[in-house]
1. Being polar (S, T, N, Q), at pLDDT below 95, closer than 21 Å to residue 21 by Cα and in a helix (DSSP H, G or I) narrows it down to one residue among 94, 70; which is it?
2. Go through (1) within 16 Å of the chain's Cα centre (by Cα); (2) assigned to a loop (DSSP other than H, G, I, E, B); (3) loosely packed, with under 11 Cβ neighbours inside 10 Å and name the single condition residue 114 misses.
3. Go through 32, 65, 57, 18 for me and flag whichever is at pLDDT 95 or above, surrounded by 11 or more Cβ atoms within 10 Å (Cβ to Cβ), part of a helix (DSSP H, G or I) and not basic (Lys, Arg).
4. Residues being closer than 20 Å to residue 107 by Cβ and touching a helix residue (DSSP H, G or I) at 6+ places or on another chain (Cβ under 7 Å): count how many of those fall in the stretch 60-81.
Amino acid sequence: MNRFSGSKIVRRSAIVVAVLYPFWLLSSWSVAKIGLLFVIRLATLGWYSVIKGEEYASHPGRSGAVMAISSLAGLFGGGVSWFIGWLAGWFGLSFAMWILLIGPLCLLLFLPRKPVEPNTSNEH
């Protein structure tokens, strides 16, 4: 059975989002905005579940460690959300919306290009 690499799917959809998101921000026609928003949302639907699945698959038998690291990362994510809101208060919403383009760009830069091999060692 052929299986698509999760990181390859997320990488390709991140390219789509990185290209379409600026058009969405710059568009003044509401029908185009709605259409672009629909396509962008469709492209990002699987990001969380695919990345989370790859994370658990790369560390079999260590789900507790994966959950702990994810909880710590969630605190960081909450801080980022607060910071973007703070910037929106100072510089305006349109400025803060451009900052959100960093998300798909980071996926393109930091997502592994090769499929992650499961770590089967039992060393702790």
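The values are calculated or read from the model by the stated rules, or taken from the named source; none is laboratory data. On a predicted model such as this, the values are computed, not experimentally measured, just so you know. Glycine also receives a Cβ, built like all others from the backbone with ideal geometry; neighbour counts cover every protein chain displayed.
1. Criteria check complete, one pass: 94.
2. Every condition holds for residue 114 apart from (1).
3. The unique qualifying residue is 18.
4. 1
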